[in-house]
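What follows is a single structure, written as structure tokens, with notes after it.
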Amino acid sequence: MAVGALHPRIPSLLNSLSNKSTLENLNPNARAKGEIILINKPYGWSSFQAVKKIKYVTKAKKVGHAGTLDPLASGLLIICTEQQTKGIQTIQDADKEYEGTLVLGATTPSYDLETEPNAHFPTEHITQEMVHAIIPQFLGEIDQIPPLYSALKVDGQRAYKLARQGDETVLKSRKITIHSLEFTRIELPEIDFLVRCTKGTYIRTLVLDIGHALQSGAYMSRLVRTKIGEHHIENSVSPHEFEEVFKSRIVEISDTTPTNI
């Protein structure tokens with residue numbers, strides 16, 4: 001990309017942050033209307049970090065996100081400000097779409113790269129035909145046990161804190177629905193996948209269960225959330241890009257607003 005060129009997604013964000021909208025954000029009496037902001041959360045960032053960044057940039061009093069993304073996952077994170085935070089639950093209830101990569105032949109306690117492999121399994125018997133053949137058993141409503149390395153609470157404590165203390169509590173299973181599952185690349189031991197599912201689905205657990213179905217083990221090495229309801233990652237921007245655009249809009253409005261001398 002040429003120096004000074006806009007990111008391909010920024011023009012759409014510029015349109016969404018119209019002069020009227022930005023002026024409302026600058027007006028304390030109108031700011032309460034708020035915004036729905038589509039952020040492409042970077043790998044390594046917590047969802048809280050992204051929310052904190054948006055709150056700092058917009059100076060909004062109320063900011064929240066509509067569905068956590070783990071630090072080791074990237075992709076679409078919807079952040080709402082001011083009165084738009086009232087719609088967070090509706091957004092959270094929408095179906096999600098993810099793409100990612102799983103690695104066969106080993107498992108980790110966290111089911112991803114947060115922890116080191118703790119067991120190894122054979123993969124020589126696995127064929128592409130076997131991989132495609134297991135898809136039907138994961139479609140529709142299924143029972144899923146959340147990973148202990150999660151933000152769910154056990155007796156008032158976050159499960160991941162118990163896990164890091166060596167606790168091996170097994171969480172209660174829950175009903176989730178997998179609408180579609182596709183394996184887009186099979187280069188064993190790696191498999192790329194695309195999945196569309198209901199809220200509350202742990203893709204790490206799905207990956208672990210796929211490994212078991214193939215009489216092996218598996219852990220997740222990459223995860224990107226690509227869609228929440230009708231909101232798509234293609235229309236999102238990084239926190240840094242959002243800050244650049246938001247500040248440029250404020251400067252533009254300041255430059256074009258008449259001043260009394």
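What follows is calculated from the coordinates using simple rules that are stated; it is not laboratory data. All values reported here derive from a predicted model rather than from experimental measurement. Don't worry about glycine lacking a Cβ; one is built from the backbone with ideal geometry, like all the others, and counts go over all protein chains shown.
Here are some notes:
- Cleavage-rule hits (trypsin sites (Lys or Arg not before Pro)) in region 58-134: DSSP loop, at most 15 neighbouring Cβ within 10 angstrom: Lys59, Lys61, Lys62
- Between region 168-235 and region 49-125, the alpha-carbon center distance in angstrom: 12
- Distance in nm between pseudo-label sites at Thr184 and Gln49 (7 Å out along the Cβ direction from Cα): 2.4
- Computed from backbone phi with θ = phi - 60° and the Karplus coefficients 6.51, -1.76 and 1.60, the 3J(HN,Hα) list for region 203-215 is 5, 4, 5, 4, 4, 4, 5, 5, x, 5, 5, 8, 6 Hz; x is used for glycine and proline.
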